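Colleague: Structure provided below as structure tokens; questions to follow.
The values are calculated or read from the model by the stated rules, or taken from the named source; none is laboratory data. Small disclaimer: the values here were computed from a predicted structure and weren't measured. FYI the Cβ positions are ideal-geometry reconstructions off the backbone, even for glycines, and counts take in every protein chain you see. The area values use the complete protein model at the heavy-atom level, side chains included, leaving out ligands, DNA and RNA. Shrake-Rupley method; radii C 1.70, N 1.55, O 1.52, S 1.80 Å.
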Amino acid sequence: MSEPNVEKEPGPQGDEPAITQTPFEKKKREYKDFGHEEEKPTHANVDMSLIELKAEDLYDKEKVDLETIVIDDVFKLLQCDEIGLTSEEATRRIELFGPNKLEQEEQNAFLQFLSFMWNPLSWVMEGAALVAIVLSNGDHQPPDWPDFLGIVLLLFINSTIGFYEERNAGNAVKALMDSLAPKAKVKRNGTWSEIESSDLVPGDMVSFKIGDIVPADCRLTEAINVSIDQAALTGESLPQSKKVGDQCFSGSTCKQGEAEGVVISTGANTFFGRAASLVGQDDDTTGHLQKILAQIGSFCLVSIGIFVLAEILVLYAGFRYSYRRGLNNILVLLIGGIPIAMPTVLSVTLAVGAQQLAKHKAIVTRITAIEELAGVTILCSDKTGTLTTNKLTIDRATIRTYGPFSADDVMLLAAYASRTENQDAIDASVVTALGDVSRARAGIKLLDFKPFNPVDKRTEITYLEESSGKLKRVTKGMTGIIIELCTRNKTEEIENKLEADVEEFATRGLRALAVAYEELDGDDPEAEGNGFELIGLLAIFDPPREDTKQTIDDAQALGVKVKMVTGDQLAIAKETGRRLGLGDHMYPAKVLKDGPAPGGKHMNLDEMILDADGFAGVFPEHKYEIVKRLQGLGHLCAMTGDGANDAPALSRANVGIAVEGATDAARGAADIVLTEPGLSTIVHAIRGSRIIFQRMRNYSIYACAVTIRIVVCFAILAFAFRFDFPPFMVLIIALLNDGTIMTLSVDRVLPSMTPDAWDLAEIFSYAVAYGLYLTASTVALVAIILKTSFFHDNFGVTFNGSVYPSSSNDAQLHTIVYLQVAIISQALIFVTRSHGFFFMERPSVALMVAFCIAQLISSIIAAYGNWGFTQIQGISGGWIGIIWIWNIVWFAPLDWIKFAMKATVIKRMRERHDRKAAAAAQEASQGGFPITRTQSRAASIHESMYSNRVSFIRRAARKVGFGRKIAMKPEELQRFSSIQAQRTGATLARNPSRTGA
């Protein structure tokens, strides 16, 4: 797609074309009015009176060309008139076409609750429950009801917590979206009234004026000086003039005038809706976090499977265990080894994080996007309204003068020639630049004012100067128009100077507004003056937001590269980049098609995209392509946008961010919706997401380590001492662990200063080291108790009065092992959550309180837990003290194990990873295969099982197959609208009105 030939700087009013400038070679050509050739309306080549009987004719473009048919035929097609529909007919059509809004898929609360039990980790626990109730009828013993009930209780507790947190956050987002419902003015039963725009139907007569949002796709029946901003659909910020018969699209904004029209399509059938429906998730619906969860789950399942198989072989084939005794040992590994709380803990952590981000005005609509935001390396930001204020401003430092007036005089006279009420963007910028807006009418008496119109492309004021009593006239507007009026000082020298100044402005991305002045003789304000004189040239630009430069510096300090992606001209993009410190290393969008210039410093397009500070003149497909290529180069990419035209790129990006004031289509495609203007909110969100990522990483190491610790420990105890630990006590350990671990969602952690990434090999290495060390602490304790009298000799403790336990399965020995495992396993979290010594990083109060409560409960159970069915018996205070001291002694070296791992195994792994990444990058730069950002090598067989069940707002369902790119040319807009009108007519034809409307 070629570059646009006019600037696309947004402006909220319809006189933008009056000042649109580019460096000119020939003034006449440069300042021409960019319009569209008009096509004469035609009639449908079909008998409209039979349209109900021949609905198929609507799909024959040779018979019915709805792009050009006259309005009368549209009314006949839609079976309506200018009086409007009756209430009954509107109700009937609502049933046919549905509401005029983008439907959100409501999630069934019960199924959402059950979804927390639908993942491989939960399946193993559910299998263990079935084993306890179905397969445990052996050796003349009843089913294992205590274990069954305990497992079910654990599953329900985890699901309830996750469901509650997720539902709360989802309800908050739904309330936000509901609060944005717009209104529409509609004629029903012959009278005008205001209704919810969602209640509009095809055939309704609607009315809108300046500042209103067009509520549905319509054809205009009346238009008074109408200008429509379609930037939300096309990405082009220049408002389009509309006349009777023209099409207006849902979501566009009326910037000037008043209009009435007939609705031709609503809801998902509008162009707005179709643009949203084109935006679907990738074919791989498994989210990034789900893949990580799957691989962690696979690690745990494989570890458990290996030792379950070993126990089956050793206990049954080797030790000749009875059926029920061996089954209980297997249940211990299944129940204790599965990190059943993992999906819930991570969901709760993300949900709590989403609520924290909401405080920074960032509403998370896809909760797993928080995890991906932590790893974002490149942020592609729109310019207008995000980096800049989207408010045109006069750059006073660059005002040029050509006559006897000073720069301040030129500003004051330009303000005279501006409206002070019902202002458009240009007038507002000029008057505001005075500082005191009252000066725009002070000392003068207004006699005549001519506002901007598309023909003259200028404003003009005739006024009486009260101090001198003279009549004077000032005009401001498009440079090429104003210079032609200046008969008094239009010399070759002045024209050359003006041309040089305009060209300088254009190269800097500033747009020129010329000002001219003349005096009138006599008292007739309509008389000819003595000739206009060019007195000045104003530079207008969209200034950067006050906080943007600091925000970009902060983002770059966090390791996030910011690239500007704008629809504006290259000169404007470069000037904005220079002012913000982004750099001016920017390219026009056409390079994405043509590639780098031969002999340049870039070997290929990917290298150019990675090196660029930004791109200008982009269309939606360009944004999509930029994001796709950056992802192919191994980067996690975030993209900001505000319109339906941004929806494909927002959906494609790892994290799509809809900025403040974005359209429904953009919000529907985005993962995060900002409710405050500017880029600073995004940087807050990045910091917040990295805090959340650290919490998830800390828990993942802990969960994997506990899995290794349980399965290896109890398998070795069974093999070495034929030790049969009661399965119910493993459930108690898991339950207390879960209660404590949930508090990690609010733990105190520091965000990293570089983008985060999952390195599962590193996580698994830590987990194995910690797990084996804690296994040694338990095996050593049991060995000393069974083989020596050390504790009796030194501390005087006994087993019901005996020096040694009655057997390797003594009930008090079970209690001792339970308490030792419960305390030190839970204490491990303080090591995994810290990067240095555990006592150097203060945990949250919630974590400390939960840990203390859990250990108090564990100690009370150990002292008084004489539960026969659990095969445990209370132990003395002496034994409890010994176990606490034992655990403290073994806990102390855990930090040193962490440091040793960092210095050896982890260091070598990172060096090897860096070498591979560098080699892949070099291969990619030489035209080889692109590198991919895959921190963990093995793909899990369970990935597809982890559905993205935590999405708060469903993306629009893709119901049509127009492809993944949205073409935004004006003729495409027209074509889409015609297709929608055809579908509307066809539906009405199949369902004729019962009232004969």
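Colleague: Would you mind checking the radius of gyration and Dmax of the range 527-672 based on alpha-carbon positions, in Å?
Modeller: Looking at the range 527-672, its Cα Rg and Dmax stand at 18.4, 69 Å.
Colleague: Let me ask something additional. With only alpha-carbon pairs counted, each pair once and no self-pairs, how large is the Kirkwood hydrodynamic radius of the range 752-897 in angstroms?
Modeller: Result for the range 752-897 stands at 16.9 Å.
Colleague: For the range 825-856 and the range 417-478, write down the distance between their C-alpha centroids in whole Å.
Modeller: After rounding, the separation between the Cα centres reads 69 Å.
Colleague: Still on this structure, I have one more. Largest first, what is the accessible-area ranking of ARG325, ARG915 with a 1.4 Å probe?
Modeller: Ranked list, largest accessible area first: ARG915, ARG325.
Colleague: Counting Lys and Arg as +1 and Asp and Glu as -1, what is the net charge of the other residues whose Cβ lies under 10 Å from the Cβ of VAL206?
Modeller: Net charge around VAL206: -1.
Colleague: ³J(HN,Hα) across the range 561-576 via Karplus (A = 6.51, B = -1.76, C = 1.60, θ = phi - 60°), whole Hz, x for Gly/Pro?
Modeller: 7, 9, 10, 7, 10, 9, x, 6, 5, 4, 4, 5, 4, 5, 5, 5
Colleague: Quick one: with all protein chains in place, what share of the accessible area of the range 545-653 is carbon or sulfur, to the nearest percent (1.4 Å probe)?
Modeller: 48
Colleague: If you don't mind, another one. Assuming a viscosity of 0.692 mPa s and a temperature of 37 °C, what translational diffusion coefficient in µm² per second does Stokes-Einstein assign to the range 393-541, Rh being the Kirkwood radius over Cα pairs?
Modeller: Once the numbers are plugged in, D ends up at 214 µm²/s.
Colleague: Considering only protein heavy atoms, with the full assembly of protein chains and a 1.4 angstrom probe, order VAL845, VAL131, VAL817, VAL768 by accessible area, largest first.
Modeller: In descending accessible area the options line up as VAL845, VAL768, VAL131, VAL817.
Colleague: Roughly how many percent of the accessible protein surface of the range 393-541 is carbon and sulfur, given a 1.4 Å probe and a whole-percent answer?
Modeller: 46
Colleague: Residues with amide H under 5 Å of PHE615's amide H, sequence separation 5 or more or different chain, H placed in the peptide plane at 1.01 Å from N; which?
Modeller: MET564, VAL565, THR566, TYR587
Colleague: Using a simple charge model, +1 on the beta-carbon of Lys and Arg, -1 on the beta-carbon of Asp and Glu, nothing else, what dipole does the range 313-450 show about its Cα centre, in debye to the nearest 20?
Modeller: Around 800 debye, computed over the range 313-450.
Colleague: Let me ask you something else. Do any GluC sites (Glu not before Pro) in the range 516-615 lie in a DSSP loop with no more than 13 other beta carbon atoms within 10 Å, and if so, which?
Modeller: Those that pass, being in a loop and sparsely packed, are GLU526, GLU528, GLU546.
Colleague: Starting from the Cα gyration tensor of the range 364-476, take the square roots of the eigenvalues, sort them a ≥ b ≥ c, and report rounded, prolate or oblate (rounded when a/c is under 1.5, otherwise prolate if a/b is larger than b/c, else oblate).
Modeller: Prolate, because a/c is 1.5 or more and a/b exceeds b/c.
Colleague: Return the long-range amide H neighbours of PHE116 (sequence gap of 5 or more, or a different chain), with a cut-off of under 5 Å between placed amide H atoms.
Modeller: Hits under the 5 Å cutoff: none.
Colleague: A follow-up question, please. Taking the highest mean first, how do the peptides 592-605, 820-833, 500-513, 373-386 order by number of other beta carbon atoms within 10 angstrom per residue?
Modeller: Descending mean neighbour count gives 373-386, 820-833, 500-513, 592-605.
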